[in-house]
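Just below is one structure, and these are the notes that go with it.
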Amino acid sequence: MPQTTSLLDNAEIATALRAAASLMRRSYHAVALVGAGLSAESGIPTYRGTGGIWTKFGEPTIDGWDFFQDDPAGWWRYAIEHKVGGSDFTDAIDRAAPNAGHYALADLEHMGRLAHVITQNIDNLHQVAGSRLVTEIHGNRFKVRCMECGARDRLETIDLERLPPHCPECGGVYKNDTVMFGEPIPKDALDECYRQALQADLFLTVGTSAVVYPAADFPVLAKRRGAPLIEINPEETGLTDIADVVIRAPAGIALPALVDLLLVP
Ligand code: NAD
C-alpha cells in the first residue's frame with residue numbers, strides 16, 4: 001500500500017479531496033454507500049477488485065438461500081457445525097477491528113457532515129467505530145432475523161438447542177441476518193435506503209465496485225435527482241463515469257484526510 005504522505009502529496013488526489021470537502025460543506029444531507037473496500041484495510045478481503053477473493057479464486061456456487069428455504073433446521077445444523085458461515089472470510093470478519101476509514105465516517109456523522117451510511121458490509125465495524133445512522137442492506141453477521149416479523153436479535157443470545165430457532169415475539173423462524181444471494185433484501189432496510197437516496201443532496205460511494213443491485217442503484221437515483229457524486233476507490237468502478245469527484249485512494253487514507261479538511265473553518 002502506498003504511504004499516506006505520498007498519496008496526499010499527489011496533486012490529483014489533493015485537488016479531489018478539496019473538491020469533495022467543498023461539496024460536503026455545502027451539503028445538508030450527505031449519504032454514503034459503503035462496500036467491502038472500506039473493510040479491506042481491516043484485513044477483510046473484498047470479493048472483487050485487486051486482491052478480492054472472487055478475483056483470485058472465481059465466484060463460488062451459491063445455494064444457501066435454497067438450502068435455507070428447503071430445510072431451515074438442516075441449514076442451522078450445518079451452520080453450527082461450520083460456525084455459522086465459518087471460513088477464512090468469516091474468520092477474518094470475526095478478528096477484524098475498525099480502521100481509520102470507519103472512524104472517519106463516524107467522525108463525519110458526529111460533525112453533522114454525513115446524514116446516513118448505507119453499508120453493504122456485514123461486519124458490524126461501522127457500529128464498533130461509533131457510527132449510529134447506518135442501514136445494513138445485506139444484514140449483519142452477528143445478528144439473526146425473524147422471517148415472519150423481521151425482528152432482529154444478537155446471534156450470541158439465541159437458544160440453539162432446538163433447531164431452527166424461533167422468534168420469541170411471533171414464533172417465526174430465525175435466519176442469520178446476512179442476506180444470502182437470491183434472498184430478497186429485508187423490506188425495512190430497503191425502504192430506508194430508498195428514503196435516504198431520495199433525500200440525499202450529496203452522495204459518496206466508498207470502497208464499492210457498485211455492481212451489486214439494488215445497492216448500486218442508490219447513487220444513480222440520487223445523481224438523477226441532482227445530488228453530486230463523490231467516489232472513493234483506488235480503482236475505477238461502473239460509477240466512475242458519472243462521478244463529479246473521484247478520489248483514487250484507499251478509504252483509510254482518503255476519509256481521514258477529508259475529516260481533516262472539514263475541521264478547518
Ligand atoms: P466488492 O468486493 O465487489 O468490491 C470491492 C471494491 O473495493 C473494489 O471496487 C475495490 O477497488 C475497492 N477497494 C479495495 N480496497 C479498497 C480500499 N482500501 N479503499 C477503498 N476501496 C477499496 O465489494 P462490494 O461492492 O461491497 O460488493 C460485494 C458484496 O460482498 C457486498 O454486497 C457485501 O455484502 C459483501 N462483502 C462484505 C464484506 C464485509 O462485510 N467486510 C467483505 C466482502 C464482501
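Could you list the trypsin sites (Lys or Arg not before Pro) in the range 127-235 that lie in coil according to DSSP, counting only those with at most 16 other Cβ atoms within 10 Å of their Cβ? Show your work: numbers first, answer last.
Numbers: sites: Arg132, Arg141, Lys143, Arg145, Arg152, Arg154, Arg162, Lys175, Lys187, Arg195, Lys223, Arg224, Arg225; in loops: Arg132, Arg141, Arg162, Arg225.
Those satisfying the criteria are Arg132, Arg162, Arg225.
Given Cβ point charges of +1 (Lys, Arg) and -1 (Asp, Glu) and nothing else, what value in debye, to the nearest 20, does the dipole of the range 103-261 about its Cα centre take?
Numbers: 15 positive and 23 negative charges, 35 e Å.
That gives the range 103-261 a dipole magnitude of about 160 debye.
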Along the range 99-110, Karplus-curve 3J(HN,Hα) (6.51, -1.76, 1.60; θ = phi - 60°) to the nearest Hz, with x for Gly and Pro, reads 10, 4, x, 4, 5, 5, 5, 5, 4, 4, 5, 5
Going from the fewest other Cβ atoms within 10 Å to the most, one would list Thr15, Thr119, Thr205, Thr240 as Thr15, Thr240, Thr205, Thr119
Residues whose built amide H sits under 5 Å from the amide H of Ile247, excluding neighbours closer than 5 in sequence, are Glu231, Ile232, Asn233
In the chain, taking the dipole from +1 charges on Lys and Arg beta carbons and -1 charges on Asp and Glu beta carbons about the Cα centre, the listed residue (Ile158, Ala104, Gly139) farthest towards the positive end is Ala104
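Treat every Asp and Glu Cβ in the range 169-231 as -1 and every Lys and Arg Cβ as +1, leave all other atoms uncharged, and give the resulting dipole magnitude about the Cα centre to the nearest 20 debye. Walk me through the intermediate numbers first.
Numbers: 6 positive and 9 negative charges, 54 e Å.
The calculation lands at about 260 debye.
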Computed about the Cα centre, the charge dipole of the chain from +1 Lys/Arg and -1 Asp/Glu charges at the Cβ has a magnitude in debye, to the nearest 20, of 700 debye
Applied in sequence order to the range 183-192, the curve 6.51 cos²θ - 1.76 cosθ + 1.60 (Karplus, θ = phi - 60°) yields integer Hz couplings, x standing for Gly and Pro, of 7, x, 5, x, 4, 4, 5, 5, 4, 5
Between the residues Val179, Gly52, Ala32, the Cα farthest towards the positive end of the dipole of the chain, that dipole coming from +1 and -1 charges on the beta-carbon of Lys, Arg, Asp and Glu, is from Ala32
Out of Asp188, Asp123, Asp177, a Gaussian network model of the chain with alpha-carbon springs under 10 Å gives the largest mean-square fluctuation to Asp188
Rounded to the nearest 500, the 222 nm mean residue ellipticity computed for the chain from DSSP H runs (n ≥ 4, each -39500 (n - 2.57)) alone is -11000 deg cm²/dmol
Computed ³J(HN,Hα) along the range 219-231: with the Karplus parameters 6.51/-1.76/1.60, θ = phi - 60°, integer Hz and x for glycine or proline, the list is x, 5, 4, 5, 5, 4, 8, x, 6, x, 10, 10, 10
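If neighbour count is taken as other Cβ atoms inside 10 Å, put Phe68, Phe89 in order from fewest to most. Each step should come with its number before you reach the end.
On the way: Phe68 22, Phe89 13.
Going from least to most buried by this count: Phe89, Phe68.
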Counting sequence-distant residues (5 or more places) and residues on other chains, those with an amide H built under 5 Å from that of Ala151 are Cys146
Sorted by chain and then number, the residues having a modelled amide H within less than 5 Å of the amide H of Leu204, at least 5 places away or on another chain, are Val31, Ala32, Leu33, Ile230
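Since every read-out is calculated from the coordinates, none of them should be taken as a lab result. Bear in mind that the values here come from a model prediction, so they are computed numbers and not experimental data. Don't worry about glycine lacking a Cβ; one is built from the backbone with ideal geometry, like all the others, and counts go over all protein chains shown.
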